[in-house]
Amino acid sequence: MGNFDQVSLLLLVLVPLAGAALAMFLPKDRPRDAWQFAIFVAVVCFVLSVIVFLRYDYGAGGVQMVRAYDWIGHPVNITLHFGLNGIGAPLVLLNGIVLLGAVLISQTITRRTRDFFVLLLALGAGVFGVFVVRDLFFLFFFYELAVLPMYLLIGVWGSSTDFGSFLRTKEYGAMKLMLMLVAGSILIWVGILALYVASSQAGDPTFNIDKLAALQQSGAVSRLTQMWVFPFFALGFGVLAGLWPFHTWSPDGHVAAPTGVSMLHAGVLMKLGAFGIIQVGMILAPQGAEVWMPVLIGLGTVNVIYGAISALSQNDLKYVIGYSSVSHMGYVLMGIATLHPVGLAGAVLQMFSHGIMTALMFAMVGAIYERAHIRDSMILNGLIKRMGTTTFFFAIAGLASLGLPGLSGFIAEFMVFTGAFRTYLPLAVLGVIGAAITAVYILRLLARSFFGEGDPQWDHLTDASPVEKGVGAAFVLILIAVGVWPAPLLRVINTGVESALAAF
Amino acid sequence: MPIDYTANLHLLTPEFVLTALAFLVFTVDLFLPESRKEWLAGLSVVSLVAVMVVAILMRPSGSVELYGGLIVVDSFGLFFKIFFLAIGVGIIALSVEYGRDRFEYRGEFYGLLLFSILGMNLMAMSRELLTAYIALELLSFSLYVMVAYGLREARSNEAGIKYIIIGALSSAIMLYGLSNIYAALGTTFFAGIAEELMLPGTVSPVLWVGVALLVVGLGFKLSAVPFHMWAPDAYEGAPLPVTAYLAIGSKAAAFALTLRLFAEAIVPAVDRWDEWQLVIAVLAAITMLLGNLVALAQRNLKRLMAYSSIGHVGYALSGVAVLGSDFALAAKSVVFYLVVYAVTNLVVFAGVTAYYNRTGQDNIADLAGLADRQPFVAATIAIGLFSLAGLPIFAGFTAKFYLFAAVADGGFLWLAGVAIFASLISLYYYLQVLRQMYIERPANPDHAADEHGSPEDHGEVHGHGDHEEAPVAPMPRPSLLLTATMGAGLLVVVWLGIYPAPLLGLIDAASAAIVPLG
């Protein structure tokens, strides 16, 4: 296995990329072949991600499975430098799981299927890439690669929403998402260049994260630079993490996207943002982080409350989940901003837990929409009668989302609150109130649309297909497993958290 | 010391060969029947490749001056020569099918193209202002004719007239600038200017006027804002391959000249005189902002590409502004950017030409539904535009990152920030083109109603189903030559995006030849 460790991270990126490239040559008019090919690639990615996660030695900690390839040498010194830390490892696993689930669920894509999977796999490659590289150039490269396919994925295969008085078209959602995310990456790019300039002035121009971190510790990156660079990273990555008030792309984008893309996007892509804040912002500009964290936790708390209240007032099932994602990403941001080991570990666990549960919710809502052609929770009712399994899976995900003990969400949120109570007590209290609102909208939604008397107009609905049931069952099992036995994840996360907080 | 004007003359063999071949093309044209004019395209490509081979075989080691220092043969010039010749091959590939239907005198077109390449080669080799000026005029005069080549098109003729008037004006301005520089410094040699500048007290108002007018003249050729107003009209009116040539060739040549001029005449004295950096930086900033902002309002593809290329000139100029700090890095990043920009634009224009040859349309809205009608053409244009917008895994991302890193490193972090912001603006209009090709449906009278009509339709559509069967007018396949050009271009765009190291190595060697000694 020693040799495998040398190339495992490279494979994680190459397999989906090569899959995307090969898929271009599939016949155009055989959607099923394209789907099966994508499943094959996604299964390989999933297996790789599991192996990589298991091979990560939490006892040793630090950055593992390191492998660097020269890319552009002097004078800018960019290397294709792979390496995984304890925060990246669980997220790699998450991406492996959600990517496979999203590909499976996308069975229903029958138009330009081949192109769809080309873009979806490219997106998957980008996400893997961000989690496993140690060079800012490539981190940004993969970050943009993950954002790039979204415009077409939503614009071509998405759906528009009619609000009666106005129409939210898929083109609008796609363009808004794309422009806001790329606007965020302007800040990231400038921040990266600023760090590069600092390293260049110190005589060792580099984009390498480890070298830049060492440089920072030696005092070569001035406090002033860190002070202005950190908000650039926090806002830039924060846009993708759904940071209030730059979250508005997220509900519109998620709703407009086809099911599989919503799953990946809310499930994994938003985590890139939070990951970036930790991996780049906190590690490379800790002095700036220390100063700005109170602001970030304030915004994170607004996220929690604002997202929850917005979800409360939505009728469209997908918008409810979209705003609930904004709310839950708020916990992640709060956890990060505590700069407390328990809070930060909770944030990372929340990323994993939210990734699974939100993907599950989008998958189930997709299944309902596929059959009922409507997502309005005021019109849908009594779904349990015809779609029992779907209801069951959605309910479990909902319960995880409101923090029911025994499911993954509880532990994650509990840890975030523990961290926050020790650092910012009043905001932690507000966070708990947010969790209470979550319970209101989730339970109300369940009561209104899923349980109760069913309208005869829904009698024609059929329950989830075997593929959907399989994906749902697997995701539910993961939610429960992490809920009752989080140790395998947490011990890896804790090593990552330790090194991330070492600079403070 | 008397100067031996014939020393090392053999090193100019590639240029002599190119001139002879251009005349050969003109001569053969007289005897070829109309149906065989394609042979001239073949002959021109063979000539260009032959010149490339000759240039590589006859390269001297190190730099060798000719005509007493008017012209130099070095690795910088060689790199650009190969680059220009390759651009020429690409433009010919674009012209063959287009010219068959739309050029009156096809044979002469190829001859003119060869002459313009000769001009570009000399621009990259000149070490003296007047020689550079003459080379530039050789390029410009060929271009004036080529822009007006669509003989029965009023648009093209109008563009030609506008271009020649503005071009003549800018040449006059530039010439006056040169005379001022000569008045202030008493020399027109790049090295001589550098020597004079390094002496104390030589920066006089007359010199400032001279350099400013020179920059204005170059600005016209580069179509930098505020000297860009000819570009959109000329681009829109010119035949498509010529539009591509304007966007790629003439820009690259003007930058080759600019780079050598700054490297050898102005950068060596940067310790004494550095105010020009800020001037160029501001020029770059307004060029990229205005070019990209105005592009937002365009409806015509060629005009869009004109403004987009203005924006890209702004990025490349920002690299020129930092030549004074880390010269090697800045020069390298600008040259790399130019190559990537040229290849990417060639890809886009190949796609647009393929579309235009079959449909005769060049408005953005005409592209609607292209992804269903000709997926490869649509994908080619899409990838080209993604690369121009600076998205990975395409060459544009790598080139922009490299260039902006150099700009930031050179002390102009704000300029890098402006450039990155300008890229965001450009993404919007590139996405609009993508939207037409991939999301919109062709404007078909039968389906126009249900497409833009009732909202309940949108509420139901889930990306498949209702619209699936909507028939799309098929578009005939593009010609084999254009398909091959697009394919080759795409490969290079991806290759430079994921593995630019070999090309950067070549550029390293090329820019090493002009590293200022001071």
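Before moving on, here are some points about what is shown:
- Backbone geometry of the range B:41-52 corresponds, through the Karplus equation with coefficients 6.51, -1.76 and 1.60 at θ = phi - 60°, to 3J(HN,Hα) couplings of 4, x, 4, 5, 4, 4, 4, 4, 5, 4, 4, 4 Hz, x marking Gly and Pro.
- Amide H within-cut-off set for residue A:87, under 5 Å, with H built and near neighbours excluded: A:496
- Taking amide H as placed 1.01 Å from N in the peptide plane, residue A:68 has its amide H under 5 Å from the amide H of A:82, each at least 5 places away in sequence or on another chain.
- With the simple spin-label model, which puts each label point 7 Å out from Cα in the Cβ direction, the residue A:43 to residue A:498 separation comes to 3.8 nm.
- The spacing between the range A:456-470 and the range A:272-335, judged by their C-alpha centroids, is 34 Å.
- With eigenvalues of the C-alpha gyration tensor scaled by 5 and rooted, the range A:393-475, Å: 33, 17, 7
- Between helix B:129-147 and chain B: long-axis angle, C-alpha atoms, 0 to 90°, nearest 10: 20
- C-alpha center-to-center spacing [the range A:52-98, the range A:339-353] in angstrom: 20
- Per residue, the accessible area of the range B:365-437 comes to 18 Å² when a 1.4 Å probe rolls over the protein heavy atoms.
- Computed over the range A:166-280, the range of Cα coordinates on each principal axis works out to 55, 23, 20 Å, biggest value leading.
- Normalised by residue number, the volume inside the convex hull of the Cα atoms of chain A is 129 Å³ per residue.
- Chain B shape via C-alpha gyration tensor axes, a/c threshold 1.5: prolate
- √(5λ) per eigenvalue of the Cα gyration tensor, the protein assembly as shown, largest first, Å: 54, 34, 23
- Of the residues B:283, B:474, B:294, the one whose Cα sits farthest towards the positive end of the charge dipole of chain B is B:283 (charges of +1 on Lys and Arg Cβ, -1 on Asp and Glu Cβ, taken about the Cα centre).
- Charges were assigned to the Cβ only: +1 to each Lys and Arg, -1 to each Asp and Glu. The resulting dipole of the range B:87-161 about its Cα centre is roughly 100 debye.
- Surface analysis of the range A:380-504 yields an accessible area of 42 Å² per residue, using protein heavy atoms and a 1.4 Å probe.
- The range A:1-37 and the range B:55-76: distance between their alpha carbon centers, rounded to Å: 49
- Across the range B:245-260, computed HN-Hα scalar couplings (Karplus, 6.51 cos²θ - 1.76 cosθ + 1.60, θ = phi - 60°) run 5, 4, 5, 9, x, 5, 5, 4, 5, 4, 6, 4, 5, 4, 4, 5 Hz from first to last residue, x flagging Gly and Pro.
- Long-range amide H partners of residue B:71 with built H, under 5 Å: B:66, B:127
- Orientation-averaged projection of the range A:338-458 equals 7.5 nm² [convex hull of Cα atoms, one quarter of hull surface area].
- Put simply, the Cα atoms of the range A:200-355 extend 56, 28, 24 Å along their principal axes, the longest span coming first.
- Karplus-derived HN-Hα couplings along the range B:423-433 (A = 6.51, B = -1.76, C = 1.60, θ = phi - 60°), whole Hz, x at Gly and Pro: 4, 4, 4, 5, 4, 4, 6, 5, 5, 4, 5
- Nearest 10 degrees, 0 to 90: helix B:375-389 Cα axis against chain B principal axis: 40
- Chains B and A together, accessible area buried on both sides, 1.4 angstrom probe, square angstrom: 4700
- Relative contact order of chain A, pairs being alpha-carbon contacts under 8 Å that are 6 or more residues apart, as %: 15
- Surface composition of chain B: carbon and sulfur make up 67 percent of the accessible area, probe 1.4 Å.
- Global form of the range B:114-170, assessed from the alpha-carbon gyration tensor, a/c cut-off 1.5: oblate
- Extent along the principal axes, Cα only, for the range B:1-119: 56, 24, 19 Å, with the longest axis given first.
- Toward the positive end of the charge dipole of the protein assembly as shown, with +1 on the Cβ of Lys and Arg and -1 on the Cβ of Asp and Glu, the farthest Cα among B:17, B:243, B:160 is that of B:243.
- Seen through its C-alpha gyration tensor, with square-root eigenvalues sorted a ≥ b ≥ c, the range B:42-193 comes out oblate because a/c lies at 1.5 or above while a/b is not bigger than b/c.
- Efficiency of FRET between residue B:483 and residue A:440 - r from beta-carbon atoms, R0 51 angstrom, step 0.05: 0.30
- Top positive-direction residue, dipole computed over the protein assembly as shown with Cβ charges, set B:41, B:487, A:59: A:59
- Given +1 at the Cβ of Lys and Arg, -1 at the Cβ of Asp and Glu and no other charges, the dipole of the range B:255-343 around its Cα centre is 540 debye to the nearest 20.
- Nearest-20 debye value, the range A:167-285 charge dipole, Cβ charges on Lys, Arg, Asp, Glu: 180
- Bridging of residue B:221 to lysines at a Cα separation below 23 Å is possible for B:81, B:162, B:251, B:302, B:332, B:400, once same-chain residues fewer than 8 apart are set aside.
The values are calculated or read from the model by the stated rules, or taken from the named source; none is laboratory data. Bear in mind that the values here come from a model prediction, so they are computed numbers and not experimental data. A quick note on method: Cβ atoms are made from the backbone with ideal geometry, for glycine too, and the neighbour counts reach across all protein chains shown. What goes into the accessible areas is simple: the full protein's heavy atoms, side chains included, and nothing from ligands, DNA or RNA. Shrake-Rupley method; radii C 1.70, N 1.55, O 1.52, S 1.80 Å.
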